[in-house]
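Right, one structure below, let's go through it.
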Amino acid sequence: MHREARLGTTTATIVLLLCGGVLPAQESVATTPHAVARDTLRGLDGVHVVVEELRPEAVDDGLSKEAIEEGVVQRLWDAGVRVLMEDQWTIAAGAPYLYLNVNAVKSKDLYVYAVDLQLNQNVKLERLPTVAVAATTWTTGCRVGAVSADSVGVLAQVAAQSVDRFIEDYRTANPSK
């Protein structure tokens, strides 16, 4: 059974670690109005997809990085979002890539998870326009919950829901695509 739930203090600590343990970064993303973040998708010609490695115990229990990545790529293609291969991504304006982290920690017969999808791209500093750095310009935020160990494969669906949110914002920002 899949459930997103309120979690106890110990579990909440685990979730904070799953989300990278960087509360200030989460706060900075949260203060960016959603419309502004969505506007950073305007004119985006495509994205490269990067899926973080999974924990070995999650793989042993049936979660597959390759299946998650294939699902993300297929969803993007089906929605008309161009997926950039490695050689295309490095020369694309802004070098945009979707970064997906499906982080699942096993505790007995339960996985506590955090799923985070981000669009990262090169941006220029306003005060020093010659300096460009990669930055997260759009994110779903860290989605947390728990699933039974025998249902860990459902995390691919949670990841797909995050991709659907990206697609919705992409289409809003690019109505002609």
Exactly one of these conditions fails for THR172: (1) at pLDDT below 95; (2) among the polar types (S, T, N, Q); (3) surrounded by 14 or more Cβ atoms within 10 Å (Cβ to Cβ); (4) within 18 Å of ALA79 (Cα to Cα). Give me its number. (3)
Can you find a residue that is within 30 Å of ALA93 (Cβ to Cβ) and without any contact (Cβ under 8 Å) to a residue 60 or more places away in the chain anywhere in region 143-160? no
Region 135-150, subset hydrophobic (A, V, I, L, M, F, W, C) and buried (at least 18 other Cβ atoms within 10 Å of the Cβ), residue nearest to ASP169 (Cα to Cα): TRP138
Is region 100-112 home to any residue that is of a type in the set (Phe, Trp, Tyr) and within 12 Å of the chain's Cα centre (by Cα)? no
Return only the number of the condition from (1) within 18 Å of the chain's Cα centre (by Cα); (2) of a type in the set (Lys, Arg); (3) farther than 23 Å from PRO175 by Cβ that ARG127 does not satisfy. (1)
If you go through region 134-177 one residue at a time, how many are within 27 Å of ASP45 (Cβ to Cβ), touching a Lys or Arg at 6+ places or on another chain (Cβ under 8 Å) and assigned to a strand (DSSP E or B)? 1
Pairs, please: C-beta under 6 Å, at least 6 apart or cross-chain, first residue more than 19 Å from LYS177 (Cα to Cα) and in region 64-85, second outside any helix (DSSP H, G or I) and not acidic (Asp, Glu)? LYS65/VAL51; LYS65/LEU54; ILE68/VAL51; GLU69/VAL51
Quick one: which helices (runs of 4 or more DSSP H) sit completely within region 50-117 and have at least 1 residues that are surrounded by 15 or more Cβ atoms within 10 Å (Cβ to Cβ) and either of a type in the set (D, E, K, R) or touching a Lys or Arg at 6+ places or on another chain (Cβ under 8 Å) (or both)? 56-60, 65-78
Matching residues in region 63-93 - criterion: being closer than 14 Å to TYR170 by Cβ and either in contact with a Gly (Cβ under 6 Å, 6 or more places away or on another chain) or of a type outside the set (Asp, Glu) (or both): VAL72, ARG75, LEU76, TRP77, ALA79, GLY80, VAL81, ARG82, VAL83, LEU84
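The values are calculated or read from the model by the stated rules, or taken from the named source; none is laboratory data. Just so you know, these numbers come straight off a predicted model, no measurement behind them. Methodologically, a virtual Cβ is constructed for each residue, glycine included, from the backbone with ideal geometry; neighbour enumeration extends over all protein chains shown.
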